[in-house]
Every structure is written in structure tokens, then in C-alpha cells.
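No value in this document is a laboratory result; all are computed from the given coordinates. The structure presented is a predicted model; accordingly, all values stated were derived computationally and were not measured. Reconstructed Cβ throughout: ideal geometry from the backbone, glycine too, with neighbour counts over all protein chains shown.
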Amino acid sequence: MQYLVKSVIKETHDVVTLVLDAQNDTIEYEAGQFITFIFSNRNGKEERRSYSISSIPDEPLSITVKRVANGSYSRILVEKVKVGDVLTGLAPAGFFILPHTSRINSKNSFIFFAAGSGISPIYSQIKALLKSQMTERIVLVYSNQSKKDVIFYEQLMKLASDYSSLFSIYFFFSDESDYRKARLSSSIVSEILTKEVGNNKMNTWLYLCGPFQYMLMITIVARGMGFVNEQIKKEQFVIEYPSVTKVPPDVTAHTITIIEKGKQVSWISKYPDTILQSAKRNGVQLPFSCEAGQCGTCSATCVKGKVWMYKNEVLMEDEIGNGRILTCTGYPIDGDIELKIGSVT
Ligand SMILES: Cc1cc2nc3c(=O)[nH]c(=O)nc-3n(C[C@H](O)[C@H](O)[C@H](O)COP(=O)(O)OP(=O)(O)OC[C@H]3O[C@@H](n4cnc5c(N)ncnc54)[C@H](O)[C@@H]3O)c2cc1C
């Protein structure tokens with residue numbers, strides 16, 4: 001897909017929002033999903049980076065990018081990309097999405113924890129929830145280096161004022177001298193959850209987007225307080241590549257059949273190739289991004305046979321129960337498999 005840059009909005013000294021137009025394609029997405037862009041490096045090799053959508057579906061499509069020190073592509077997107085440029089990318093994807101509206105009611109509360117650019121998908125989700133006005137309470141806990149680094153500060157403050165009975169924000173700034181306002185410690189997470197959730201734990205969802213250790217700390221506190229994994233949704237921006245990958249229980253060759261938009265293609269796959277690697281080797285183009293079982297771009301539905309994944313940090317138990325698998329870390333085992341490629345929404 002081709003995304004035309006319609007405008008560039010400077011959010012902070014190192015963050016821009018790019019407003020995009022998908023030109024000839026109709027883009028469908030849910031709040032919290034991301035777009036994977038395809039770049040070409042100096043040697044002509046393809047490289048992919050994902051950026052969460054910060055808009056909601058009835059707003060102009062936008063992504064919000066923070067420049068990473070020494071980063072290859074965030075630097076280009078923040079400093080070089082201009083109106084009229086065209087970016088190549090995939091359709092929106094990802095599992096960091098709100099529960100289906102049929103599962104949300106006026107008893108539900110949502111507590112969002114964001115750090116730095118982790119606000120991008122969460123900003124979209126907060127706007128979507130406020131628009132629906134279906135929930136009891138929405139809380140944002142947002143950590144940044146300093147106040148000048150806060151992305152969407154004015155917009156968030158306006159939402160907190162427009163929806164004061166529904167939405168409130170806790171800001172944390174690392175440069176604050178009062179340590180209780182500087183760092184989100186486990187005791188502060190516990191205090192916030194106790195205060196904001198009260199007796200409504202069963203009806204509360206937690207959404208986390210920030211560095212790995214930050215999300216781990218919040219998860220440990222929440223689990224200790226009795227939240228179950230299904231209530232805690234996470235999006236991780238930094239891909240962690242496992243140094244050693246586990247060997248599947250069956251390493252014999254099997255036939256993989258892909259069904260996409262009514263078309264069908266088959267090939268024989270053999271360990272050590274994952275489903276995605278063997279697809280590439282056989283010239284079959286499948287969607288993918290992180291190649292580390294983390295982002296969900298490559299997800300497919302297994303309609304026949306069995307897939308074993310050496311890593312999965314994105315699919316929940318219910319999604320796996322519905323046949324969802326990741327091609328980037330998945331292998332066919334115990335026989336041939338048939339996969340359907342298509343969006344989660
Ligand atoms: C699902 C998903 C959604 C994402 N959404 C957003 C988004 O909305 N906005 C956004 O700005 N970024 C987002 N990212 C991160 C983005 O894809 C890139 O990883 C990031 O912009 C760095 O790319 P780069 O080419 O500039 O750096 P690279 O050249 O890839 O990396 C440079 C170095 O920085 C490290 N690094 C990469 N990302 C980060 C980070 N976020 N913080 C600290 N160190 C990092 C790398 O490990 C590496 O050591 C998302 C990532 C994923 C997987």
C-alpha cells in the first residue's frame with residue numbers, strides 16, 4: 001500500500017505526527033493497531049518498522065513517531081519526511097486493541113500506562129473510548145523525561161477537562177525533584193490501582209505500552225493484586241530477538257497451504273525454516289514485521305493441522321483457541337497445515 005504524507009505536525013522537539021492518505025486503498029483499523037512500513041537500506045535490502053496509529057477511524061489517518069538516538073528510520077521520519085512524500089507499508093495490524101464493543105459496558109474501567117512514544121496507540125484508544133462513552137472510568141498514567149517531552153499534552157488536558165467525570169491523568173516526569181512524581185515505582189502503581197479500581201477489579205482492563213522492564217513491573221504488581229493475564233494488554237515497541245530458539249517437537253517436512261482472498265498456494269516446508277521463512281524461500285509473500293513473535297503482523301488462522309510456536313508474546317489464550325498463529329515463529333507439526341491469511345478485525 002502507498003501512504004501519501006498529507007501533513008507533518010511537530011509534537012515535541014523529537015516527535016512528529018504524520019497525517020497519511022492511503023490514496024487508492026480503503027484503510028480499516030481499530031484503535032491501538034499499527035502500520036508496518038517497508039524501507040530500503042543503503043545496500044538495497046528491505047527493512048521494516050512499525051508505527052502505531054494515533055488517530056481514530058473517523059479522523060485523518062495519523063502515526064506519531066519519536067526519533068530514537070542513532071535510529072535508522074525514525075530519524076528519517078522525524079527529520080526528513082515532508083508533505084507529498086509517499087511511504088510504502090502494509091495494512092494496519094496488531095492485537096493491542098480494545099475489547100469488542102459487545103464486551104464493554106458502563107461498569108468497565110480502563111487504566112492505561114504509557115511511557116514516552118507509548119502514548120501513540122493509547123491516545124487512539126482513549127479517544128475511541130471517550131467517544132463511545134460506554135465506560136465507567138478511564139485513567140491514563142503517563143511517564144516522560146520532562147513536561148516538554150509529553151506528546152499530545154494540550155489534547156490530553158482538553159479531553160480531561162471535557163470529560164472530567166470520566167477521564168483523569170497522572171503525569172510522571174523523571175526530572176521532578178519530588179520522587180513520588182518522578183518515577184512510577186511498584187508501590188505507586190499499587191496505590192493508583194487501589195485508588196482507581198476499588199472493588200471494580202473484575203471489570204477493569206489494563207493497557208500498557210512502554211519499555212519491557214516498565215511493563216514487567218506493572219504486570220507483576222497487577223498480577224499480585226489479583227488481575228489475570230487476560231485483563232492486561234501490552235504493546236512493546238523494542239523487538240527482543242531470542243538468542244536461542246527452541247526446536248519444534250516435529251522437524252519433518254510438511255505441506256503448507258495458504259488461502260488468501262479465495263486463492264490458494266502450497267509448498268513443502270522443513271525445519272529449520274519457520275512458516276514465514278519457508279514462504280519467503282518459495283516466493284510466497286506473507287505479511288510480516290518483527291520476525292520475533294512480538295508484533296502480530298504475520299498472524300494467520302490455522303484451519304487445518306497443527307502449528308507450534310517457539311515464541312508468542314502477542315496472541316492471548318482465546319485467540320490461540322480460535323486457531324490464530326504467528327507465521328514468523330510457527331512450524332507445522334504432526335502433519336500438513338492450511339492457513340488463512342487475513343485481518344484480525
Ligand atoms: C508494534 C510496534 C509499534 C510501534 N509503534 C511506534 C510508534 O507509534 N511510535 C514510535 O516512535 N515508535 C514505534 N515503534 C518503534 C519503531 O518501530 C522503531 O523500532 C523505532 O522507531 C526505532 O527505529 P529506527 O529505525 O529509528 O531505529 P533502529 O535503527 O531500528 O534501532 C536503533 C537502536 O535503538 C533501539 N530502539 C529501537 N526502538 C526503540 C525505542 N522505541 N526506544 C528505545 N530504543 C529503541 C534498538 O534496539 C537499536 O538498538 C513501534 C514498534 C512496534 C514493534
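Taking every pair of distinct Cα atoms and averaging 1/r, then inverting, what Kirkwood hydrodynamic radius in Å comes out for the stretch 254-341?
Here the Kirkwood hydrodynamic radius works out to 12.6 Å.
May I have the convex hull volume per residue, in Å³, for the Cα set of the chain?
Taking the convex hull of the Cα positions in the chain, it is 154 Å³ per residue.
Can you return the aspartates and glutamates within cross-link range of Lys148? Criterion is Cα-Cα under 20 Å, with same-chain partners fewer than 8 residues away left out.
Hits, sequence-local ones excluded: Glu11, Asp14, Glu79, Asp175, Glu176, Asp178.
Pairs Lys107/Lys147; Lys261/Lys311; Lys158/Lys181; Lys82/Lys127: which exceed 30 Å Cα-Cα?
Lys107/Lys147
Decide, for the stretch 112-247, between rounded, prolate and oblate: order the square roots of the alpha carbon gyration tensor eigenvalues as a ≥ b ≥ c, take rounded if a/c falls under 1.5, and otherwise choose prolate if a/b is larger than b/c, else oblate.
rounded
Counting helices only, and only those DSSP H runs with n ≥ 4, report the 222 nm mean residue ellipticity of the chain as the sum of -39,500 (n - 2.57) divided by its residues, in deg cm²/dmol to the nearest 500.
-6000 deg cm²/dmol
Taking the chain as a Gaussian network, Cα atoms linked when under 10 Å apart, which of Gly335, Gly116, Gly44 shows the biggest mean-square fluctuation?
Gly44
Give me the net charge of Leu159's neighbourhood, meaning all other residues with Cβ under 12 Å from the Cβ of Leu159; Lys, Arg count +1, Asp, Glu -1.
Around Leu159, the charge tally is +1.
If each residue of separation counts as 0.36 nm, what is the full-extension length gain between Lys45 and Lys270 once their alpha-carbon separation is subtracted?
78.5 nm
For the stretch 184-248 and the stretch 137-171, what is the separation of their Cα centres, given in Å?
Rounded to whole Å, the Cα centres lie 20 Å apart.
Can you tell which of Phe34, Phe172, Phe113 shows the greatest fluctuation in a Gaussian network model of the chain with Cα springs below 10 Å?
Phe172
Using a Gaussian network for the chain with springs between C-alpha atoms less than 10 Å apart, which of these wobbles most: Ile220, Ile111, Ile63?
Ile220
May I ask you to compute the full-extension gain from Val83 to Asp178, defined as 0.36 nm times their residue separation minus their alpha-carbon distance, rounded to one decimal in nm?
30.0 nm
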